[in-house]
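Here the structure is laid out as structure tokens; the discussion comes afterwards.
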Amino acid sequence: GGGVAAAVGAAAAAALDAASSSVNETAIVEAVHAQERKMPSPLLPDFWAVLFLFAVFVGNALVFFVQRWSLAVKSRVQFARTRELVAGGLAYVTPHAHQGAAEIIPVLEKTLETGEKHVYIIFQRQKYQVVDNGAKVTELEMPITSPIKEYISHRGFQTPQKADAARDVFGSNSLQIELPSFTASFQKQVLGPVPVFQFFCASLWLLDEYWNYALFNIFAICMYEASTVFGKLKNLQALRGMKKDAVSIQVYRCSKWMQLTTEDLLPGDIFSVAKQNEDVNIPCDALILRGSAVVNEASLTGESTPQMKEAAVAEGSEGEHPLDMEKQHRVHVLYSGTTMLQHTAPGEGGLQAPDGGCVCYCLRTGFSSSQGKLVRMIEYSQEQVLTDAKEVLALLTLLLIFALCSAGYVLHKGLKEGKRSQYELVLRCVLILTSVVPPELPMQTAVAVNTALFALFKASVFCTEPFRIPFAGKVEFALFDKTGTLTTDQLVATGTWSGSET
């Protein structure tokens, strides 16, 4: 009996030791798991309160950023619609497709020398006038549609007051482009929708304690956006190089010739342009009244053949016809940005310039001129890279379906097992949903476009519309109207050949 009791006691002791060992192993495993996956701090409030606070924060952030990303939303939230534009108000201007972005700009007013109120707005460096008591906005009216005889009989501004009034309306004849600071441009760049989404994804990885990956991702995003800003500033600097320095020119005002600068020219001025030792750049769009000239319009049209320009005539019914700068009277018009190769002084009689140049009538100046329109087109056609919207939307919809299924499974499984906190489960589900659009995808797309731009630049091809590059892969045929746009009339000797094999 004693042996049986001893055996039973030994078995019970062995079972107790085994159970104690199993409990110790379980405790060790749970302790290691708790060390690897830290539970939320006991100081945190209830999970639903934190989730509600997070939703409120994200909602306010979206309201703030959406107003920065969409001027249509900003105009509806912050402003009220009105039937007329008045000085001190704001105008919401939307350009045509691929011609820049919409802007909210102030409505300005200036009192002219004549006492008249001049109400206007400036959009994309061009001035527009507000007429009909603020009910209509038109382009600034230039003297480009008058009958030919009026141009020929015109003798410039007869009083300084009229010249000052015209200067208040038209401004200076300058293509000055202000270069924004790097700080302001970088701030605007990183607050775009794609960088904000990338920063949000990186912050989620920080919450999940992936410090190295998240910090490297944030650093890469900042470096890429900084390089983009540098590229934009470099393009603006190149556009600033298109602005020619102001030079002296003879202008006929107050019934006498006076020496002014090209930036002082105003629509309605009579001035003289003459070729001296070097080729002369035409400072504005002008109608030749006396004399003739040969100009190179390759900078505007790409045509390398020099063009002959003659003085306008007003004989018979021809003088009653309104000016047609683009077609009928193109042979009489000098365009801003072109180069005068030679000129012929006007004959005896009529208005004569002191320098013997062609007497011209100033039609358009500044950013309203032909060269100004080209500069504005290059500057404001830079848009963000977009791919085929339908294909991208279909791909994102498919990926979102899989992401919702995955996030639902993870949430259901986690709540059922109870091994993870609600904070960690929600974080995992949000990470799954944000992984539908990889943060690196927009960066990779833009890098590909920039690489193509760099390859074109090395081939001496300047792309004015980078948003079309993703569509270039679909091009099957390229048609050119003539070879004049691709060649030049200036031949350069590259070497000689004697005819022998050596």
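The values are calculated or read from the model by the stated rules, or taken from the named source; none is laboratory data. These numbers come from a predicted model, not from an experiment. Every residue, glycine among them, receives a Cβ derived from its backbone with ideal geometry; neighbour counts consider all protein chains shown. The protein model used for the area step is the full one, side chains on, heavy atoms only, and it has no ligands, DNA or RNA in it. Shrake-Rupley method; radii C 1.70, N 1.55, O 1.52, S 1.80 Å.
For this structure, a couple of remarks:
- The set of residues in segment 288-305 that are open to solvent by less than 40 Å² (accessible area, probe 1.4 Å) and in a loop (DSSP other than H, G, I, E, B) comprises Gly291, Glu297, Gly302, Ser304.
- All told, Thr464 falls short of being surrounded by fewer than 15 Cβ atoms within 10 Å (Cβ to Cβ), at pLDDT 80 or above and not charged (D, E, K, R).
- Filtering segment 125-140 to residues that are more than 28 Å from Val359 (Cβ to Cβ), open to solvent by 80 Å² or more (accessible area, probe 1.4 Å) and not in a loop (DSSP other than H, G, I, E, B) leaves only Lys136.
- Looking only at residues of segment 329-352 that are in contact with a Pro (Cβ under 8 Å, 6 or more places away or on another chain) and outside any strand (DSSP E or B), we find that the one that is modelled with the highest pLDDT is Ser336.
- For segment 267-281, taking the residues that are surrounded by fewer than 24 Cβ atoms within 10 Å (Cβ to Cβ) and assigned to a loop (DSSP other than H, G, I, E, B), the one that is modelled with the lowest pLDDT is identified as Asn277.
- Which numbered condition Trp69 fails, given (1) touching a residue at least 60 places away in the same chain (Cβ under 8 Å); (2) in contact with a strand residue (DSSP E or B) (Cβ under 7 Å, 6 or more places away or on another chain): (2)
- Segment 188-209 residues that are without any contact (Cβ under 8 Å) to a residue 60 or more places away in the chain and open to solvent by less than 60 Å² (accessible area, probe 1.4 Å), paired with ones that are part of a helix (DSSP H, G or I) and among the acidic types (Asp, Glu) (beta carbon under 9 Å, 6 or more apart): Gln189/Glu225; Val190/Glu225; Pro195/Glu225
- Gly100, sole failed condition from (1) of a type outside the set (S, T, N, Q); (2) without any contact (Cβ under 8 Å) to a residue 24 or more places away in the chain; (3) surrounded by 15 or more Cβ atoms within 10 Å (Cβ to Cβ): (2)
- Every listed requirement among (1) under 18 Å from Val273 (Cβ atoms); (2) crowded, with 18+ Cβ neighbours inside 10 Å; (3) out of contact with any Pro (no Cβ under 6 Å at 6 or more places or on another chain) is met by Cys362 save one, (3).
- Residue within segment 136-145 that is touching a helix residue (DSSP H, G or I) at 6+ places or on another chain (Cβ under 6 Å) and not aliphatic (A, V, I, L, M) present: no
- Candidate set: segment 243-266, residues that are crowded, with 16+ Cβ neighbours inside 10 Å and farther than 16 Å from Ser172 by Cβ; chosen: the one nearest to the chain's Cα centre (by Cα): Gln250
- Odd one out for Glu303 among (1) of a type in the set (D, E, K, R); (2) closer than 30 Å to Asp164 by Cβ; (3) touching a helix residue (DSSP H, G or I) at 6+ places or on another chain (Cβ under 6 Å): (2)
- Residues of segment 103-116 satisfying the condition of being loosely packed, with under 15 Cβ neighbours inside 10 Å and at pLDDT below 85: Thr111, Thr114, Gly115, Glu116
- Residue count for segment 433-448, restricted to those that are modelled with pLDDT of 70 or more, within 14 Å of Asn217 (Cβ to Cβ) and part of a helix (DSSP H, G or I): 2
- Condition check for Lys373 on (1) open to solvent by 50 Å² or more (accessible area, probe 1.4 Å); (2) at pLDDT below 85: one failure, at (2).
- Number of residues in segment 141-166 that are out of contact with any Ser or Thr (no Cβ under 9 Å at 6 or more places or on another chain), crowded, with 16+ Cβ neighbours inside 10 Å and assigned to a helix (DSSP H, G or I) equals 6.
- Among (1) more than 30 Å from Tyr120 (Cα to Cα); (2) hydroxyl-bearing (Ser, Thr, Tyr); (3) not in a helix (DSSP H, G or I), the one test that Tyr213 misses: (3)
- Looking only at residues in segment 449-475 that are of a type outside the set (Lys, Arg), under 16 Å from the mean Cα position of the chain (by Cα) and part of a helix (DSSP H, G or I), the one that is farthest from Leu236 (Cα to Cα) is Ile469.
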